[in-house]
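Here's the structure we're looking at; comments come further down.
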Amino acid sequence: MEKEYDFLVLGSGIGGLSFAIKAAELGTVAVVTKKSKVESNTNHAQGGIAAVTDNNDSFESHINDTLKSGAGLCKEDVVRFVVTEGPERIKELIEWGVNFTKEGDNTSGAYDLGREGGHSRRRVLHAEDLTGREIERALIEKAALQKNITIYENFFSIDLICKSKLTGHKEEEDRCLGAYVFDVDKNIVHTFRAKFVMIATGGSGKVYLITTNPDIATGDGVAMAYRAGAEIANMGFIQFHPTCLYHPAAKSFLISEAVRGEGAVLKLKNGSTFMEKYHTMKSLAPRDVVAKAIDTELKKSGDEYVILDITHMSKEFLVKRFPYIYNRCLEFGIDMAVDPIPVVPAAHYQCGGVLVNPFGQTSIDRLFAFGEVACTGLHGANRLASNSLLEALVFTHRAFKKAKELLPAVAKESLLIPPWDPKGATESDESIMVSHNWEEIRMCMWNYVGIVRSDKRLERAKRRIDMIIREIEEYYHNFTITTNLLELRNIAIVARIIIECSCLRKESRGLHYNLDYPERDDVNWIKDTVVKKD
Ligand code: SIN
């Protein structure tokens, strides 16, 4: 059951679809997505896209805000090209049909620009408070018009296929030839062969107990790339979003930073403000500062949550600017025009990932990565809010240009790829192992590898995760695969990589805070933590 394409794209968010739309002019494209095509991390992005589109803004200002937020670890050349190439990519998105919100009731004039933490001015283009959904809509409509694109829904990528695995020879530079993909509905595994494989599978928020991410965010791309031998970097920098709704019935509901951008203030339950003790930008300080401040205050007070107060704004304004957030809060009995919103920090964004060069190329030949799954050097130790969609657009375009340049020289690979071998696996009668380990990993990561870490906590986490990985591997080889098992295998590997990167970094910087090394060490640690399967 081998399928053959010029491009195999894993993931259907902003990175996967925008690449597919461009690559369709060069050849055939398969887009493989483990759920429905709309269900991506992109679809859940509320805030928007940061870019310099206003005459009063400047590239230098956006560059400086990004560098400051990244706490000394951004690659400045990457920051410069992402910021300066950004407006062209935004223009393209608008040409493809994305409707960003305009100022006031004006539908033909200037775009309404939002503000978020760490930005020194308003520069975030948004579509009300459902920016990701609007982008996803436009991209899916555009992709549907390209006859060269085939989208496979409910197809779960299990593992990459690399030349070294087939020949048994360790190569100086390995080459990616495709992937084994599980057709969930038919319960069979297909071989996808391609000249280029692009990983655009998003992040890994589900590694943590409390996350703003949707259920699909199980780090599949990082886990697959790691197993294939690619270099993975900076996975210790997990961004905790300061304001996830605290309500027993509200699973993962994000209260966008744009709400603070419009003047919402963080307070303790007793109504007193606290952010002035931590940063001059107060509630609009960079995310690492705000999340750590909330964590500190909660530990001090013993409260379960802090509150976000925007009751000074009119209901009319809030309903117009934040229709989605306003209505979701109302479903939980919170009228944000009258009631402060209870919030807690939650795992939100993976700043590290599969290490790539400025064209999205990984350390394995013909394997690219872009979007949250990739570590490009833009975010450094802490991503500036709303820079991620911009990064995905700029990098997919660069990857497209690189693939276009390389394609004519890529001959059809003659190497025989053996079909997927289930190796005598049988149906499991012990699925409890899967659900138990899911919970244990997420709890362990939340308790020991969260906002505040220590060597002892990291060691404890490492021991537990290693044990779980051994258990999962044994189970994986004996029983038939299910999506739950595949995801469990992936979150376990990603958890292990996060711990490994965190253990390597003997300092505190940006999103990584270790009580045993509380200071930033610019002499020894302005470098990435890179890990690779030996
Ligand atoms: C938000 O709306 O607060 C999230 C935006 C982002 O993470 O960039």
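The values are calculated or read from the model by the stated rules, or taken from the named source; none is laboratory data. Please read all numbers here as calculations on a predicted model, not as lab measurements. Quick reminder, even Gly has a Cβ in these numbers, built from the backbone with ideal geometry, and neighbours come from all protein chains shown. Calculation scope for accessible area: heavy atoms of the full protein, side chains included, ligands and nucleic acids excluded. Shrake-Rupley method; radii C 1.70, N 1.55, O 1.52, S 1.80 Å.
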Considering residues of the range 214-245 that are acidic (Asp, Glu) and either modelled with pLDDT under 95 or open to solvent by 20 Å² or more (accessible area, probe 1.4 Å) (or both) only, the residue farthest from Ala347 (Cα to Cα): Glu231
Residue match in the range 304-313 (condition: part of a loop (DSSP other than H, G, I, E, B), at pLDDT below 95 and within 16 Å of the ligand (Cβ to nearest atom)): no
Residue within the range 139-147 that is surrounded by fewer than 16 Cβ atoms within 10 Å (Cβ to Cβ) and among the small types (Gly, Ala, Ser) present: yes
Thr280 vs. criteria in contact (Cβ under 8 Å) with a residue 60 or more places away in the chain and either surrounded by 24 or more Cβ atoms within 10 Å (Cβ to Cβ) or more than 15 Å from the ligand (Cβ to nearest atom) (or both): no
Failed item in (1) within 16 Å of the ligand (Cβ to nearest atom); (2) within 21 Å of the chain's Cα centre (by Cα); (3) assigned to a loop (DSSP other than H, G, I, E, B), with Asp65 passing the rest: (3)
Sole exception among (1) open to solvent by less than 10 Å² (accessible area, probe 1.4 Å); (2) at negative phi; (3) away from the ligand (no atom under 16 Å from the Cβ); (4) not acidic (Asp, Glu) for Pro248, by number: (1)
Unmet requirement for Met336, which otherwise passes all of (1) more than 23 Å from the chain's Cα centre (by Cα); (2) surrounded by fewer than 24 Cβ atoms within 10 Å (Cβ to Cβ); (3) not acidic (Asp, Glu): (2)
Checking Ser388 against (1) touching a helix residue (DSSP H, G or I) at 6+ places or on another chain (Cβ under 8 Å); (2) within 16 Å of the ligand (Cβ to nearest atom); (3) among the hydroxyl-bearing types (Ser, Thr, Tyr), the condition it does not meet: (1)
Which numbered condition Trp96 misses (of (1) in contact with an Asp or Glu (Cβ under 9 Å, 6 or more places away or on another chain); (2) within 16 Å of the ligand (Cβ to nearest atom); (3) open to solvent by 10 Å² or more (accessible area, probe 1.4 Å)): (2)
Sole exception among (1) within 16 Å of the ligand (Cβ to nearest atom); (2) in contact with a Lys or Arg (Cβ under 7 Å, 6 or more places away or on another chain); (3) in contact (Cβ under 8 Å) with a residue 40 or more places away in the chain for Asp112, by number: (3)
Near pairs, Cβ below 8 angstrom, 6+ apart or cross-chain, from the range 54-78 (under 16 Å from Ile90 (Cβ atoms)) to any residue that is in a helix (DSSP H, G or I) and open to solvent by 30 Å² or more (accessible area, probe 1.4 Å): Phe59/Arg80; Phe59/Thr84
Selected residue (only one of Phe359, Phe368, Phe400 is more than 25 Å from His126 (Cβ to Cβ) and part of a strand (DSSP E or B)): Phe368
Candidate set from the range 370-381 (those that are at positive phi and crowded, with 24+ Cβ neighbours inside 10 Å); member that is farthest from the ligand (Cβ to nearest atom): Gly380
Residue tally, condition more than 13 Å from the ligand (Cβ to nearest atom), modelled with pLDDT of 95 or more and either closer than 30 Å to Ile499 by Cα or open to solvent by less than 10 Å² (accessible area, probe 1.4 Å) (or both), over the range 251-269: 1
Failed criterion for Asp129 (all others in (1) modelled with pLDDT of 95 or more; (2) more than 29 Å from Ile364 (Cα to Cα) hold): (1)
Condition broken by Tyr324, with the remaining ones in (1) open to solvent by 30 Å² or more (accessible area, probe 1.4 Å); (2) in a loop (DSSP other than H, G, I, E, B); (3) touching a helix residue (DSSP H, G or I) at 6+ places or on another chain (Cβ under 9 Å); (4) farther than 30 Å from Arg193 by Cα satisfied: (2)
